[in-house]
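Each remark here refers to the structure printed beneath this line.
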Amino acid sequence: MQRFFSSLFELDIFTRSLDSLNSNQTCQHCACSNSWVSHGFIYRQSGLKVGKRILCANRYGKSGCGRTLALYLSDFIPNRHYSFSVIWAFVLSLLQGSTVEQAYYSAIGHGHFSHRQAYRWLSALYAQLGLFRSWLARLNLNLLDTGYLNFRSTRLAVLLSTLASFAQRFTNISSIQAGLNCRFC
């Protein structure tokens with residue numbers, strides 16, 4: 001089932017059509033496909049809408065399990081403070097040759113915080129490396145030659161070569177997370 005959407009309008013259209021979902025969009029717990037009900041918005045602490053929940057209903061004649069599934073906007077990364085566009089700006093700055101600290105400060109827009117968070121982002125991105133590479137293989141994309149990254153660590157060079165392929169393939173950054181259909185990092 002699609003979990004990331006490019007706009008609230010697209011997400012709203014999807015949740016209004018829950019009654020007509022096909023059989024491959026079933027609940028992962030009980031395998032029901034005809035029990036989904038819109039269950040309200042997901043908000044950030046600032047009051048910004050970042051997604052919607054749907055419920056596999058077990059009331060009113062429906063045979064679901066009662067569990068919820070969260071659907072998100074593609075610029076929001078679940079369990080992350082910063083949005084996808086900020087983390088993607090960090091990645092693009094790294095691809096342009098910035099150091100990790102410089103890339104972090106340019107992505108968040110100020111140097112007020114410690115750059116340790118940047119290394120957490122890199123670890124989370126590296127943990128997703130297998131997913132990224134399998135997705136690129138499904139799209140029949142080759143990894144880019146990253147000879148300009150030779151001065152970096154091997155681990156960072158491998159990660160950045162994969163992310164450079166994403167940057168070349170996708171001009172619309174919101175389509176990356178929607179295309180992966182899972183959390184970016």
Checking rank on 25-35, 158-168, with mean other Cβ inside 10 Å and highest first, the result is 158-168, 25-35
On the formula 1/(1 + (r/R0)^6), with r taken between the Cβ atoms of SER114 and GLN45 and R0 of 35 Å, the FRET efficiency rounded to 0.05 is 0.95
Probe 1.4 Å, heavy atoms of protein chains only: per residue, the accessible area of region 1-95 in Å² is 55
Sorted by chain and number, the residues with a modelled amide H under 5 Å from that of PHE76, at a separation of 5 or more or across chains, are PHE84
With T = 25 °C, eta = 0.890 mPa s and Kirkwood Rh from C-alpha pairs, the Stokes-Einstein D of the chain in µm²/s is about 135
On the accessible surface of region 14-123, probed at 1.4 Å with all protein chains in place, carbon and sulfur together account for a percent value of 47
The FRET efficiency for LEU8 and ARG59, from their Cβ-Cβ distance with R0 = 30 Å and rounded to 0.05, is 0.65
For the chain, longest principal axis from Cα atoms; helix 154-169 axis from its Cα atoms; angle between them, nearest 10 degrees, is 60
By the Cα gyration tensor axes a ≥ b ≥ c (a/c under 1.5 gives rounded; else a/b larger than b/c gives prolate, otherwise oblate), the shape of region 76-115 is oblate
In vacuo Debye sum over C-alpha of region 1-83, base-10 log of normalised intensity I(q)/I(0) at q = 0.12 Å⁻¹, listed in q order, is -0.35
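The values are calculated or read from the model by the stated rules, or taken from the named source; none is laboratory data. Note that this is a predicted model, so its numbers are computed, not measured. Ideal geometry is used to build each Cβ from the backbone, glycine not excepted, and the neighbour counts take in all protein chains shown. These area figures cover heavy atoms from the full protein model, side chains too; ligands, DNA and RNA do not enter into them. Shrake-Rupley method; radii C 1.70, N 1.55, O 1.52, S 1.80 Å.
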